[in-house]
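Structure first, then comments.
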């Protein structure tokens, strides 16, 4: 039986985290994807802007997140996965900026993950292929980053999950890091063999996969048990919209234009028994605040449908 | 590398005289034989499903007798011959991606067999044959197509024709997903296995850039994996969402291309692509007025030549015993990063007198007049976007071996760009 989860972004607020977790529970979720990336936004980083959130010491960060931890426990929500702030490397950023992301943000994210007793943390691979000249050269940089995290991950019992991403060419979204399942498998296995532990796993992002026309079923079957967490969301195949599954149609037959059948077949084939986690936070700002519960119930209802199909 | 113009959109294949002459006049020396014009995907889809009066009579005739194919393209063939246009590659008819016809695979096979025979008769050495997909379960695609292609291999051998497989996308409720042979490793396996089973190199690959773009694929990696199996490129632009055949570099947003030309060119350079570059801009051509089409075709030829030039840029560097550069800015810096070690210039020069005597990226910066002292077999490469102005200046200096360098599609890039103030330091 798969548990169902969703992002804390737009639901859990720092002022009263427990209320947000209770709302998640009420809507039918039992797990959370902790949106640590909300504390250092990618939009700021791409403009070379940092805030002082991660200047706090680990002790201070633990104090900061203690109400969140207690709130989740009290509401009966398990923090199953977390998103590390991204990008972990800003291509045209200064040495100081990238050094800070590498030496402060990433290790402290791991500490917070461990503190929240969260077993999986999702990271973004570096988007450098255009500059470095190849996907392999790009991966080598990501690998260095993962190598920095891996000893901590092993010690803390955390699996760092790489995620399939996209890149942007003239507004057209094309495949980015980790879009080749066979390569991902080989790379994950190599890491885990080297560390004698499951330090690296995979996060399959349905929306990103849909944008670049990946075959969900083949991708998932290729990943097998290396698939640890999910980012389930939908889009129109054009923009990364993070909407509710089954939302988009493109023909007069009005059938879903995202291959959810392939998604179910793939998960079924690998006997996926982990959390079905939705990455649909933007939906909550689109709908009126008054409808938040109903919207979350719809999303968790889709999770229940997936569970039943699996 | 051979530049090939697809006549689709420019030529009415039943009245081909004017269109074919326009293509020839634009500079092309070869065209592809687009046999799907005789039986378009749409006409195949509606075959036998419409009233007689609305049915495409040409497709219906082919359905009765696939051998009619030759008759249907005879005018086109005659015009190609009269205008000394070669036909090195053809493309077999195919079904629409969203077809509901699962009953036409046998007919398609007959039509393809006749297409191969026709290619043999006219000396066309390659035929692009998309894989069968309609009504075939995912798990059986290889099995069905393996048998299909091997059945065709015998005829292809007799006719001295190479069959080119092609990467496909599939239409999933209006959204394009990666289809058969869109995984380069799988495609390479198919080609290798077919060649092994055919007992000779009877199969190759045609890489469709439009399909790669629709599926957001990394064309550098894609081409790299297929390597020498790639015998032809179907070069077309599209916005990444609709399947169109647009003239390359015409689909842009906010000043940027929507097709990843960088990775395509990187990939084709890496595999030293030397096959047929089929320029397919059917939609652009059809949308242009026939009055403007000759000019469009001239532009299309220039585009094809440019892509070829980019792919073969290193050959240009090999042409000279020694080289010198003109320009001491970003382009020179990029040259030195990617080619400086293999093709070290003697020096660079610049019109900025403040730079003379300085060292830039390991090169001495000299005044342009220094180029006059170069040996005869030295090429001067302009590393500055003001190509034509500089070329004029160099010609006035009496320089002969003038070449353009371009850094838009470099094997790798610096993370930053230098500003003139940096250069002065």
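Taking the criterion of being crowded, with 20+ Cβ neighbours inside 10 Å, more than 11 Å from every other protein chain (Cβ to nearest Cβ), on the phi > 0 side of the Ramachandran plot and under 17 Å from the mean Cα position of the chain (by Cα), would at least one residue in the stretch A:136-149 satisfy it? No, there is no match, as no residue in the stretch A:136-149 is crowded, with 20+ Cβ neighbours inside 10 Å, more than 11 Å from every other protein chain (Cβ to nearest Cβ), on the phi > 0 side of the Ramachandran plot and under 17 Å from the mean Cα position of the chain (by Cα). Any residue at all in the stretch B:22-36 that is over 24 Å from the mean Cα position of the chain (by Cα), assigned by TED's automatic domain parsing to the domain that holds residue B:129, surrounded by 15 or more Cβ atoms within 10 Å (Cβ to Cβ) and in a loop (DSSP other than H, G, I, E, B)? No, the stretch B:22-36 contains no residue that is over 24 Å from the mean Cα position of the chain (by Cα), assigned by TED's automatic domain parsing to the domain that holds residue B:129, surrounded by 15 or more Cβ atoms within 10 Å (Cβ to Cβ) and in a loop (DSSP other than H, G, I, E, B).
Considering only strands (runs of 3 or more DSSP E) fully contained in the stretch A:193-310, which possess at least 1 residues that are out of contact with any helix residue (DSSP H, G or I) (no Cβ under 9 Å at 6 or more places or on another chain)?
Working: elements: A:200-205, A:227-231, A:276-278.
Those strands (runs of 3 or more DSSP E) span A:200-205, A:227-231.
For the stretch A:71-90, a residue qualifies if it is exposed (fewer than 15 other Cβ atoms within 10 Å of the Cβ) and either within 13 Å of chain B (Cβ to nearest Cβ) or assigned to a loop (DSSP other than H, G, I, E, B) (or both), and exactly one does: A:76. Listed by first and then second residue, the pairs linking a residue in the stretch A:46-58 that is touching a residue at least 24 places away in the same chain (Cβ under 8 Å) to a residue that is in a loop (DSSP other than H, G, I, E, B), with Cβ atoms under 6 Å apart and 6 or more places separating them unless they lie on different chains, are A:48/A:93. Per the conditions (1) closer than 30 Å to residue B:13 by Cβ; (2) in contact (Cβ under 8 Å) with a residue 24 or more places away in the chain; (3) buried (at least 21 other Cβ atoms within 10 Å of the Cβ), the sole criterion not satisfied by residue B:241 is (3).
Output yes when any residue across the stretch B:50-57 is assigned to a helix (DSSP H, G or I), modelled with pLDDT of 90 or more, over 18 Å from residue B:301 (Cα atoms) and in the same structural domain as residue B:123 (by TED's automatic domain parsing), and no when none is. Reasoning before the result, please.
Looking only at the stretch B:50-57, we keep the residues that are assigned to a helix (DSSP H, G or I), and these are B:57.
Subset that is modelled with pLDDT of 90 or more: none.
There is no residue in the stretch B:50-57 that is assigned to a helix (DSSP H, G or I), modelled with pLDDT of 90 or more, over 18 Å from residue B:301 (Cα atoms) and in the same structural domain as residue B:123 (by TED's automatic domain parsing).
Applying the criterion of being under 14 Å from residue B:283 (Cα atoms) and more than 13 Å from the chain's Cα centre (by Cα) to the residues of the stretch B:244-259, the residue that is surrounded by the fewest Cβ atoms within 10 Å (Cβ to Cβ) is B:250. Out of B:66, B:88, one residue alone is touching a strand residue (DSSP E or B) at 6+ places or on another chain (Cβ under 6 Å) and either in the same structural domain as residue B:166 (by TED's automatic domain parsing) or outside any helix (DSSP H, G or I) (or both). It is B:88.
Among residues of the stretch B:155-186 being in a strand (DSSP E or B) and more than 11 Å from chain A (Cβ to nearest Cβ), the one that is nearest to residue A:258 (Cα to Cα) is B:166.
Looking at residue B:305, is it farther than 30 Å from residue B:349 by Cα, modelled with pLDDT of 95 or more and surrounded by fewer than 19 Cβ atoms within 10 Å (Cβ to Cβ)? It would help to see each step written out before you state the result.
Values: farther than 30 Å from residue B:349 by Cα: no; modelled with pLDDT of 95 or more: yes; surrounded by fewer than 19 Cβ atoms within 10 Å (Cβ to Cβ): yes.
No; evaluated as a whole, the condition is false for this residue.
Restricting attention to the stretch B:87-107, which residues are touching a residue at least 60 places away in the same chain (Cβ under 8 Å) and more than 17 Å from residue B:59 (Cα to Cα)? B:88, B:89, B:97, B:98 - these are the residues of the stretch B:87-107 that are touching a residue at least 60 places away in the same chain (Cβ under 8 Å) and more than 17 Å from residue B:59 (Cα to Cα).
Quick one: which of B:234, B:202 is buried (at least 24 other Cβ atoms within 10 Å of the Cβ) and in contact with a helix residue (DSSP H, G or I) (Cβ under 9 Å, 6 or more places away or on another chain)? Step through it out loud before you land on a result.
On the way: B:202 fails: buried (at least 24 other Cβ atoms within 10 Å of the Cβ).
Answer to the check: B:234.
The values are calculated or read from the model by the stated rules, or taken from the named source; none is laboratory data. All figures in this text were calculated on a predicted structure; none of them were measured in a lab. Please note: Cβ atoms are built from the backbone with ideal geometry, for glycine as well, and neighbour counts cover all protein chains shown.
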